[in-house]
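Have a look at the structure below before the remarks.
The values are calculated or read from the model by the stated rules, or taken from the named source; none is laboratory data. If you're wondering where the values come from, they're calculated on a predicted model, not measured in any experiment. FYI the Cβ positions are ideal-geometry reconstructions off the backbone, even for glycines, and counts take in every protein chain you see. In case anyone asks, the SASA skips ligands and DNA or RNA and just uses the protein heavy atoms, side chains included. Shrake-Rupley method; radii C 1.70, N 1.55, O 1.52, S 1.80 Å.
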Amino acid sequence: MSRPADRRRPFALLLGLAVLACAPAAFARTSDRNQPLDVESNSSDCSIADDGPCTLTGNVHLVQGSLDVRAGRAVVHRAGGDIRRVTLSGSPVQLSQEMDDGSRIDARAANVDYDMSNDTVVFTGDARIDQPGRGNIAGGRIAYNMKSGQVQGSGEGKGRVKMQFVPKGAPAPQGGG
């Protein structure tokens, strides 16, 4: 039986997405959120108003320190000049980031919704999050509440949630769960 801390370890990697919107993240490389956010896309449609959205389409590439996100489309929602929500879509959205301890996370899903006002990150559509040497989780939907630390996974009617927990100090498994 896993200890409670062991069950949470693979889910800490979800915090890496928080850096995308410059929010605090406990396990993401802390220096990343102080780095410039570099954005490239084939096109953009952005409002200069403090409450206007910014839509990026076509080969969207976001880099902030060690955070690297690729998507087909990103919509940044602002309120009062602050980023409140970022929605990413594509086939699939891909995210990777180095953590403070030197480990790496890799995530992919058809859609990623980071809602700063609710402190939630939701991955949907063949979602998979890997932390090499530590474990992984996969399912149709993976939701993480950054305030409570609660993680919820579901197959979204197309299967089951699959997780793999790697014992601390064990060699990295070949393949995946």
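Which order do you get for Cys54, Cys46 if you rank them by accessible area with a 1.4 Å probe, largest at the top?
The most accessible residue leads, giving Cys46, Cys54.
Starting from the Cα of Thr30, step 7 Å toward the Cβ, then list every residue of segment 101-130 with an amide N under 15 Å from that point.
What the label zone holds, given the 15 Å backbone N cut-off, is 101-102.
Accessible area of segment 26-134 with a 1.4 Å probe: how many percent of it is carbon plus sulfur?
Taking all protein chains in place, segment 26-134 shows 44 percent carbon and sulfur surface.
Solvent-accessible area of Asp115, probe 1.4 Å, all protein chains present, reported in Å² to the nearest ten, please.
20
Would segment 59-116 count as rounded, prolate or oblate if I go by the C-alpha gyration tensor, calling it rounded below 1.5 in a/c and otherwise prolate when a/b exceeds b/c, oblate otherwise?
Numbers: a/c = 2.12, a/b = 1.30, b/c = 1.62.
Note, shape of segment 59-116 comes out oblate.
Contact order normalised by length for segment 36-124, with contacts defined as Cα pairs under 8 Å and 6 or more residues apart; what percent is it?
Averaging sequence separation for qualifying contacts and normalising by length gives 20 percent for segment 36-124.
Quote the accessible area belonging to Val39 in square angstrom, nearest 10, computed with a 1.4 Å probe and with ligands, DNA and RNA left uncounted.
For Val39, the solvent-accessible surface is approximately 70 Å².
Ignoring ligands, DNA and RNA, what accessible area per residue does segment 52-145 give at 1.4 Å, in Å²?
Per residue, segment 52-145 has 39 Å² of solvent-accessible surface.
What is the Cα centroid distance between segment 30-57 and segment 97-172, reported in whole angstrom?
24
Going from most exposed to least, what order do Glu156, Glu98, Glu40 have by accessible area with a 1.4 Å probe?
Glu40, Glu156, Glu98
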